[in-house]
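What follows is a single structure, written as structure tokens, with notes after it.
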């Protein structure tokens, strides 16, 4: 992901010192520090994109509600999964429940949310 040099530069920059000060401390030029920072940000963007792709492919953000589950248990299943994924769904879920028309009593027909 990041080279030792990139980590070192970013650690120094995070303390608030300027690129020129980092360059002087590392015996290089300010321009080189700019290039190192630019490549660091490119590497981080690529890593984030990779993680997002893996997350998307894993399908781990789905909640499968089996047929016959009560609307209350389904709600609990959705909230538990959202909590694990750190997704805030309280308002969305409330809206869903208010808009959902129960055609088969209080049971879902086996849906994926």
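Laboratory data are not the source of any read-out in this text; all were calculated from the coordinates shown. Here the structure is a predicted model, which is why all the values come from computation and not from measurement. FYI the Cβ positions are ideal-geometry reconstructions off the backbone, even for glycines, and counts take in every protein chain you see.
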*Two-site label geometry, residue 1 and residue 46: point separation in nm, points 7 Å out along Cα→Cβ*: 1.4 nm
*Efficiency by 1/(1 + (r/R0)^6): what FRET value for residue 53 and residue 15, r their Cβ-Cβ distance, R0 = 25 Å, to the nearest 0.05?*
0.15
*Could you put 86, 39 in order, starting from the residue whose Cβ has the fewest other Cβ atoms within 10 Å?*
86, 39
